[in-house]
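Read the figures in this text as sums done on the coordinates, not as results from a lab. As the structure is a computational prediction, the values presented were derived from the model and not from experiment. All Cβ positions, glycine included, derive from the backbone under ideal geometry; neighbour counts span all protein chains shown.
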Amino acid sequence: MSVDLPLEALPDDLMSVVDEHIEQRLGRPISALRDEAATTKTPDPETARVVREYTELAAADKAVEEREDELLALIVATPGVFTDEHLAAGQAVNNAVTYRDARIATVAHAVARHPMNARTSPTAAKARPHQATTTRSTPTAPAAAAPSARRR
């Protein structure tokens with residue numbers, strides 16, 4: 001099975017998938033979240049976090065595009081020849097993709113923690129044990145070891 005997507009569609013497609021994820025989970029598009037974070041005197045910290053992480057993801061995605069363009073320019077300039085410069089450009093692409101993937105995970109985490117996320121709000125509370133409402137006042141001692149039967 002092959003996918004017939006033009007190369008030009010891939011970077012935009014990634015961000016549109018993230019946009020769709022945010023809108024599905026939070027019920028509002030990223031543009032509405034940006035407006036809220038920019039116009040509110042004291043924006044919701046979780047909304048501000050989603051917007052900040054999304055902005056960093058967009059910058060990381062742009063960096064991937066730039067590294068890919070640089071590598072493609074090198075390949076087109078010297079077809080069939082691979083030098084250390086080509087390898088370094090390929091590694092720069094790999095590094096940029098790795099960073100972008102980490103940014104995607106960070107955006108997904110920020111969306112999952114957002115209070116408007118109805119799908120994962122019970123799980124989000126479990127993911128934050130430092131905000132637990134009950135604590136033990138005294139630690140429990142380990143159970144005493146049962147005496148072992150010795151064979152003689």
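Here is how the numbers come out for the structure above:
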read-out: Solvent-free Debye scattering, log10 I(q)/I(0), computed from the Cα coordinates of segment 9-130 at q = 0.15 Å⁻¹; value: -0.74
read-out: Nearest-20 debye value, segment 39-115 charge dipole, Cβ charges on Lys, Arg, Asp, Glu; value: 460 debye
read-out: Length added when fully stretched, Arg34-Glu70, from 0.36 nm per residue minus Cα-Cα; value: 9.8 nm
read-out: Mean separation of Cα contacts under 8 Å, 6 or more apart, over the residue count of segment 9-130: relative contact order %; value: 31 percent
read-out: Order by protection proxy (mean Cβ within 10 Å, highest first), peptides 40-47, 72-79; value: 40-47, 72-79
read-out: Extension gain from Val81 to Glu56, taking 0.36 nm per residue of separation minus the Cα-Cα distance; value: 5.5 nm
